[in-house]
Amino acid sequence: MEISSFIQRRRELIEKLGNGIAIIPTAPERMRNSDVQYPYRFDSYFWYLSGFAEPEAVLVLIGGECPQSLLFCREKNPSRETWEGMRYGPDVACVAFGFDMAHPISELTPRLPELIANRETLWHSFGHSSPWDAKIVAALNTVRSNRRSGKRPPKQIRDLHSLIDDMRLRKDVSEIDAMRRAAVISSNALRRAMQVCRPGKMEYTLEAELLYEFRRHGGTPAYLPIVASGINACTLHYIGNDRLMQDGDLVLVDAGCEIEGYASDITRTFPVSGKFTQAQRDVYGIVLSAQEAAVAALAPGMPVADFHEAALRVLVQGMIDLKLLEGSLDGIIESKAYRRFYMHRTGHWLGLDVHDVGAYTREEEGEGEEESQKLEAGMVLTVEPGLYIPCADDVPEELAGIGIRTEDNVLIMADGCKIYTSAPKTVEEIEDTMKKAEHERRKYARNNT
Ligand code: GLY
Ligand code: MN
Ligand code: MN
């Protein structure tokens, strides 16, 4: 991603700060056990405004008459760099990432009181990091205790995240480009999972194929992949991935990588053997129709709540047709009896976070009441209807244990919307993909025995 994108976002945010100062720390490194860290992932807000991936870094943005963007980061340290790799250091980082000034991170705590003194507003998101909350409170108290030297603390403390959330909701061209690249890799990973799948394999062997496809194209998992065969598909956040997949099972795979911090989030459900049973086809068809109805409700100006309602009507009608529920469509929606088989919303914002930030409702102008957020070009969502049918005495036998979800990523465009994920999806596409892979396997085996 071009550095100019990050500079532009900082400029835009600084405009909103008034005569204020914003403190934006990146995420801390986290230890797994002695000397072993969890893989490092920067804070999404910090990254959004800096493009700087090192830990131990803080962005300080100053609004008002002399707008400034400052980076505090680790100093060069040849002996640490021997162990941990290159650090930019303040001087190089300042130029490479387009800051007005950069300083050693060790200088931030002592300079914080002077930085925040005499500003109208201190922008920070309290409650996300106790150590940072404590540092900021300490700086405020230092300023308060120095009133006699003419310093005064900021008059107001305001929530910074909500300001940035609104910016993050509308993706710019470079963000959309990163999300499309993540989607291509993830779509190929899902296709690969279909191609290698067959009875007798463990779920984690499909997980390995997903990770292989992500990593060989520079992606990292945006979340823990779900490979849920058989009844496991009815556990929404199943991540054990350690069951033997059997003939007759469906397998639900929910996986996505991130590129330059931007996530993709795809789900496909396919038969382990490569061929859907009639009952599986029936349920699958309902889920696909629900997704089509949801996508038809996505266009600029539409309330974001509508796509869930559109999918829900199709799913509930499906539950009635499958004899899972009795009653009228509206009655079942009203009573929420459908929740036994469909217990989540039909999608969410997607971006730097898989469940991305951004409001789903807004205060109606002048009314003080909440209304659904209206869709705008540049917003990105997942559309992921599903049906999850538990094993129970009152459920038709051939349907018991079927769990199906289909999830794609959708960009709102000026003239409608675009699904930009592309793994095989219809019954025909999936069966064809799996049949061709089986054919190739047999051909290879013939030629190598
Ligand atoms: N992969 C998490 C979700 O679909 O929301
Ligand atoms: Mn998902
Ligand atoms: Mn999702």
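The values are calculated or read from the model by the stated rules, or taken from the named source; none is laboratory data. All values derive from a computational prediction rather than experimental measurement. Please note: Cβ atoms are built from the backbone with ideal geometry, for glycine as well, and neighbour counts cover all protein chains shown.
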> Does residue 32 qualify as being farther than 30 Å from residue 144 by Cβ and part of a strand (DSSP E or B)?
Replying inline: yes
> Residues of segment 78-95 being within 17 Å of residue 108 (Cβ to Cβ) and outside any helix (DSSP H, G or I), which ones?
Replying inline: 87, 88
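Out of all the residues in segment 379-397, which are β-branched (Val, Ile, Thr) and either within 15 Å of ligand 2 (Cβ to nearest atom) or closer than 17 Å to residue 411 by Cα (or both)?
380, 382, 383
Conditions tested, residue by residue: (1) basic (Lys, Arg); (2) crowded, with 18+ Cβ neighbours inside 10 Å; (3) in contact (Cβ under 8 Å) with a residue 24 or more places away in the chain; (4) on the phi > 0 side of the Ramachandran plot.
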position: 389; (1), (2), (3), (4): no, yes, yes, no
position: 393; (1), (2), (3), (4): no, no, no, no
position: 398; (1), (2), (3), (4): no, no, yes, no
position: 434; (1), (2), (3), (4): no, yes, yes, no
position: 449; (1), (2), (3), (4): no, no, no, no
>> With the requirement that a residue be more than 15 Å from residue 275 (Cα to Cα), out of contact with any Cys (no Cβ under 7 Å at 6 or more places or on another chain) and away from ligand 1 (no atom under 16 Å from the Cβ), what does segment 395-419 give you?
In response: 395, 396, 397, 398, 399, 412, 413, 414, 415, 416, 417, 418
> Taking interchain pairs and intrachain pairs at least six residues apart, which have beta carbon atoms under 7 angstrom, with the first residue in segment 216-239 and under 28 Å from residue 178 (Cβ atoms) and the second modelled with pLDDT under 95 and away from ligand 3 (no atom under 14 Å from the Cβ)?
Replying inline: none
> Which condition breaks for residue 326 when tested against (1) out of contact with any Cys (no Cβ under 6 Å at 6 or more places or on another chain); (2) surrounded by 16 or more Cβ atoms within 10 Å (Cβ to Cβ)?
Replying inline: (2)
> Which members of segment 257-310 meet the condition of being away from ligand 3 (no atom under 16 Å from the Cβ) and assigned to a strand (DSSP E or B)?
Replying inline: 259, 270, 271, 303
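Would you say residue 269 is among the polar types (S, T, N, Q) and under 25 Å from residue 183 (Cβ atoms)? It would help to see each step written out before you state the result.
Working: among the polar types (S, T, N, Q): yes; under 25 Å from residue 183 (Cβ atoms): yes.
It is true that residue 269 is among the polar types (S, T, N, Q) and under 25 Å from residue 183 (Cβ atoms).
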>> Against the definition (crowded, with 22+ Cβ neighbours inside 10 Å and more than 19 Å from the chain's Cα centre (by Cα)), how does residue 413 come out, yes or no?
In response: no
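Scan segment 285-308 residue by residue and report those that are of a type outside the set (A, V, I, L, M, F, W, C) and either surrounded by fewer than 24 Cβ atoms within 10 Å (Cβ to Cβ) or touching a His at 6+ places or on another chain (Cβ under 6 Å) (or both).
Initially, segment 285-308 is screened for residues of a type outside the set (A, V, I, L, M, F, W, C), giving 285, 289, 291-292, 300-301, 303, 306, 308.
Across segment 285-308, the qualifying residues are 285, 289, 292, 300, 301, 303, 306, 308.
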>> Anything in segment 405-419 that is within 15 Å of ligand 2 (Cβ to nearest atom) and either in a loop (DSSP other than H, G, I, E, B) or of a type in the set (Ser, Thr, Tyr) (or both)? List them, or say none.
In response: 406
> How about segment 218-269: which of its residues are of a type outside the set (A, V, I, L, M), touching a strand residue (DSSP E or B) at 6+ places or on another chain (Cβ under 8 Å) and more than 26 Å from residue 343 (Cα to Cα)?
Replying inline: 218, 219, 220, 246, 258
>> So, in segment 340-386, exactly how many residues are more than 16 Å from ligand 3 (Cβ to nearest atom), aliphatic (A, V, I, L, M) and over 19 Å from the mean Cα position of the chain (by Cα)?
In response: 0
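Let me confirm something: among 275, 336, which residue is surrounded by fewer than 20 Cβ atoms within 10 Å (Cβ to Cβ), on the phi > 0 side of the Ramachandran plot and out of contact with any Cys (no Cβ under 9 Å at 6 or more places or on another chain)? Give the steps one after another, and end with the answer.
On the way: 275 fails: on the phi > 0 side of the Ramachandran plot.
Unique residue meeting the criteria: 336.
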>> I'd like to check something: does segment 215-238 contain any residue that is in contact with a helix residue (DSSP H, G or I) (Cβ under 8 Å, 6 or more places away or on another chain), within 28 Å of residue 5 (Cβ to Cβ) and within 16 Å of ligand 3 (Cβ to nearest atom)?
In response: yes
> Does segment 320-338 contain at least one residue that is closer than 26 Å to residue 427 by Cα, in contact with a Phe, Trp or Tyr (Cβ under 7 Å, 6 or more places away or on another chain) and either assigned to a helix (DSSP H, G or I) or within 16 Å of ligand 3 (Cβ to nearest atom) (or both)?
Replying inline: no
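I want to confirm something. Restricting to segment 260-291 and keeping residues that are more than 16 Å from ligand 1 (Cβ to nearest atom) and of a type in the set (Val, Ile, Thr), which single residue is nearest to residue 218 (Cα to Cα)?
Residues of segment 260-291 more than 16 Å from ligand 1 (Cβ to nearest atom): 260-261, 270-286, 288-289.
With of a type in the set (Val, Ile, Thr) added as a condition, the list becomes 272, 277, 283, 286.
Values: 272: 28, 277: 37, 283: 36, 286: 36 Å.
By that ranking, first place goes to 272.
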>> Here is a list: 106, 129, 125. Which entry is among the small types (Gly, Ala, Ser) and touching a Leu at 6+ places or on another chain (Cβ under 9 Å)?
In response: 125
> Only one of (1) of a type outside the set (A, V, I, L, M, F, W, C); (2) within 16 Å of ligand 2 (Cβ to nearest atom); (3) more than 23 Å from residue 398 (Cα to Cα) is not met by residue 342, so which one is it?
Replying inline: (3)
>> Being surrounded by 24 or more Cβ atoms within 10 Å (Cβ to Cβ), of a type in the set (Ser, Thr, Tyr) and more than 13 Å from ligand 2 (Cβ to nearest atom) is the filter here; which residues of segment 235-272 pass it?
In response: 262
> Has segment 196-211 got any residue that is in contact with a Gly (Cβ under 8 Å, 6 or more places away or on another chain), within 16 Å of ligand 3 (Cβ to nearest atom) and modelled with pLDDT of 95 or more?
Replying inline: no
